[in-house]
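The next block holds one structure in the form of structure tokens; read it before the comments.
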Amino acid sequence: MKLKGKVFKYGANVDTDVIIPARYLNVSEPEELANHCMEDIDAEFISKVQPGDIIMGTTNFGCGSSREHAPLAIKTAGVSCVIAKSFARIFMRNSINIGLPLLECEEAVEKTVAGDILEVELASGEIVNSTKNLVFHAKPYPVFMLELVSAGGLVEYTKRKIANEGK
Amino acid sequence: MTIAEKILAAHSGKDAVSPGEFISAKVDVVLSNDITAPIAIREFKRIGVKNVFDPKKVIMLSDHFVPNKDIHSAEQAKILREFAREQGIVYFEVGQMGIEHVLLPEQGLVVPGDVIIGADSHTCTYGAVGAFATGMGSTDIASAMATGEIWMKVPPTIKFVFHGKAQKWVSGKDFILHTIGDIGVDGALYSAMEFTGPSIDKLSMDGRFTMANMAVEAGAKAGLFRVDKKTEAYLQNRAKRPYTVYEADKDAEYAQVIEYDAASIEPQVAFPHLPSNTKPISQVGNVKIDQSIIGSCTNGRIEDLKIAADILQWQRVNENVRCIIIPGTQEVYLEAMRRGYIEIFIRAGAAVSTPTCGPCLGGHMGVLAEGERSISTTNRNFVGRMGSTKSEVYLSNPAIAAASAILGRIASPDEIKN
């Protein structure tokens, strides 16, 4: 699957409170959550984001709470993937479980600025910065995580597991 | 193997596991709350099984936005209540409920050797009783509710050894804030933290819960303590199930061993906007405050309220400060009443509330306006965490929070004149 979009770039430790503030967690509908995505770090994000666009952070992206509302808001806002040097672990699990692709790539983060256009090939992890004509390679997913992703997330994976066990 | 590795091996039917290995672990407790359960229930239904794998092992309670703060949160709480009734799972209603991570250990629902997953990042709190407990998301909880198992990557363990006698006013909160200040908010990313050493042996259970609670603030998957006599005493007459105690092997492999001189650790204050942005109290300077919060899953236990009561007795909360004290559970509330703490708080001019996570995440019961500052015994001080994005949260132990409430600025209890 090829993803393509414009980069919104942020710094280190982008936490789940700025991705989706707790004051909006009294609902769980994805569309309502998406309306407030990134509101406390970038109030203009939601009016500027286009389907396919890419969020980029540096280290420990998604730290803080376990709220799945965070990757859900990002995904529903139309973001195609998040690229960072590293991700907080619960955010990483949640994203993979719900089918929001994450890529770890230090070089891409260092050499990309906000507004650059990226093309991402998920299977190979190849990231092309077509604005700057540069090619990067993200860290490949472990085999188990690839299985989860290709199953279409944890719900589908669990369905298959249950079916295989003949429950 | 380390404690974490032994627990995970036992729960995945293996003789041994090593860091980096993917396993499917059987879970002993699956927890979710009023924010995360509605999505977990939705995804559980999508999986298509009728009943949870074991109703005795699934726990749900509303604690973040209850007693319902608005119509939306009332709707969320209703989803949990109805699912709980339908499935016959373990459920706590307002009036019995407390802040989940104070309540579950108190009720003996989490025991040593358990694998516990919760759709709340501070699920790691239960590491204080020697359980492998970790926060996950709603879909993980849905999958575990359906199958009784969850995928996990075995984390490497970092060992933290504390030596020496703690200074006056220094508690578990200061040990953990000092640790996070040292290694950073991703200093233990994907790892298990194991806390040990002579100063930890002396630390109370309440202090250990506080430390394990904030392991996630260093990016960790779990924060573990070995089971000792204090743990056993705590569990006596409390533990609802028999349990297995796992000890780390003498030759266990640690990714890193970090040693601290506890005697040199002062009470810590984490400045905005990261828990790692710590300063010792002697270097805080003049920071005026508008609010002081004493409570939460980090510091809402009886020992925390005792410290606050000792400092607030015969004192008045500063006229420029709202001091809000929230016992973590009904049992903590009752015990504080029996001991006379609640009267001390109210006479001092503090507001006392029924248990709720409330202000910690800017939900209710102490939301901050633009330009306001709060000292707080909670666990996070991110931008906008307690309200306005232009407000500030400073994290501390209950002694500092109580003293600051009296003096109107962040201060040590040593500054209070009797």
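The values are calculated or read from the model by the stated rules, or taken from the named source; none is laboratory data. Just so we're clear, the structure is a prediction, and the values are computed from it rather than from any experiment. Areas reflect the complete protein model, heavy atoms only, side chains present, ligands, DNA and RNA absent. Shrake-Rupley method; radii C 1.70, N 1.55, O 1.52, S 1.80 Å.
If you take every DSSP beta bridge fully contained in region A:47-167, what fraction is antiparallel? Give it as a percent rounded to 5. Don't skip to the end; give the middle numbers.
On the way: 8 of 15 bridges.
Bridges in region A:47-167 are about 55 percent antiparallel.
Sorted from largest down, what three extents in whole angstroms do the Cα atoms of region A:118-167 have along their principal axes?
53, 16, 10
Among B:Leu177, B:Leu334, B:Leu274, which one shows the highest mean-square fluctuation when chain B is modelled as a Gaussian network with alpha-carbon springs under 10 Å?
Looking only at B:Leu177, B:Leu334, B:Leu274, the biggest GNM fluctuation is shown by B:Leu334.
Rg and Dmax of the protein assembly as shown, using alpha carbons, in Å: what are they?
Every Cα atom of the protein assembly as shown included, Rg and Dmax give 22.7, 71 Å.
Given a 1.4 Å probe, show me the residues in region B:360-375 buried by at least 10 Å² of accessible surface when comparing the whole protein assembly to the chain alone.
The answer is B:Leu361, B:Gly362 - residues whose exposure falls by at least 10 Å² when every protein chain is included.
Rounded to the nearest 5, what % of the DSSP beta bridges within the protein assembly as shown are antiparallel ones? Could the numbers behind the result be given before it?
Values: 23 of 77 bridges.
Bridges in the protein assembly as shown are about 30 percent antiparallel.
Do you know the relative contact order of chain B, to the nearest whole percent, from alpha carbon pairs under 8 angstrom that are 6+ apart? Don't skip to the end; give the middle numbers.
Values: 1056 pairs, mean separation 70.9, N = 418.
Relative contact order of chain B: 17 percent.
Write down the Å³ per residue value for the convex hull defined by the alpha carbon atoms of region B:3-260. Can you show the working numbers first?
Numbers: hull volume 34.2 nm³, N = 258.
Spelled out: Cα convex hull of region B:3-260, divided by residues, is 133 Å³.
Can you tell me which of B:Pro267, B:Pro242, B:Pro398 moves the most in a GNM of chain B? Springs connect C-alpha atoms under 10 Å apart.
Of B:Pro267, B:Pro242, B:Pro398, the most mobile in the Gaussian network model is B:Pro242.
Given contacts defined as C-alpha pairs under 8 Å and at least six residues apart, what's the relative contact order of region B:144-208, whole-number percent? Before the final figure, lay out the partial values.
Values: 49 pairs, mean separation 33.1, N = 65.
It rounds to 51 percent for region B:144-208.
Once fully extended, how much extra length lies between B:Arg85 and B:Val287, figured as 0.36 nm per residue of separation less the alpha-carbon to alpha-carbon distance? Mind dumping the intermediate values first?
On the way: separation 202, 0.36 × 202 = 72.72 nm, distance 4.86 nm.
Here the answer is 67.9 nm.
Using a 1.4 Å probe on the protein heavy atoms, what percent of the accessible area of region B:268-417 belongs to carbon and sulfur? Write down the numbers at each step before the final one.
On the way: 2560 of 5280 Å².
Carbon plus sulfur share of accessible area: 48 percent.
Any idea what the relative contact order of region B:19-168 is, in percent, if you count C-alpha pairs under 8 Å spaced at least 6 apart? Intermediate results must be reported in sequence, preceding the final value.
Values: 264 pairs, mean separation 54.4, N = 150.
That works out to 36 percent.
Taking the alpha-carbon set of region B:59-174, what are its Rg and Dmax in Å?
According to the Cα coordinates of region B:59-174, Rg and Dmax are 16.9, 52 Å.
Hey, what does the equivalent ellipsoid look like for region B:268-417, semi-axes from the Cα gyration tensor as sqrt of 5 times each eigenvalue, largest first, whole Å?
Working: eigenvalues 94, 59, 35 Å².
Over the Cα atoms of region B:268-417, the semi-axes work out to 22, 17, 13 Å.
Using the heavy atoms of the protein chains and a 1.4 angstrom probe, tell me the accessible area per residue for region B:268-417 in square angstrom. Don't jump to the answer; show the numbers that get you there.
Details: 5280 Å² over 150 residues.
Counting only protein heavy atoms, the per-residue value for region B:268-417 is 35 Å².
State the three equivalent ellipsoid semi-axes of region B:143-221, derived from the C-alpha gyration tensor as the square roots of 5 times its eigenvalues, in descending order and whole Å.
27, 14, 11
Need one number for region A:56-167: average projected area of the convex hull over its C-alpha atoms, nm².
It is 7.5 nm².
Pick out which of B:Tyr91, B:Tyr243, B:Tyr190 has the largest mean-square fluctuation in a Gaussian network model of chain B, springs linking Cα atoms closer than 10 Å.
B:Tyr243
Restricting to region B:3-260, what percent of DSSP beta bridges are antiparallel, rounded to 5? Before the final figure, lay out each step's value.
Details: 5 of 33 bridges.
Around 15 percent antiparallel, to the nearest 5.
What is the P(r) of region B:301-354, as percent of Cα-Cα pairs per 5 Å bin from 0?
4, 24, 36, 24, 9, 3, 0
State the extension gain, in nm to one decimal, for the chain segment bounded by B:Ser388 and B:Asp249, taking 0.36 nm per residue of separation less the distance between their alpha-carbons. All intermediate terms of the calculation are to be shown ahead of the outcome.
Values: separation 139, 0.36 × 139 = 50.04 nm, distance 4.82 nm.
Working it through step by step, the gained length comes to 45.2 nm.
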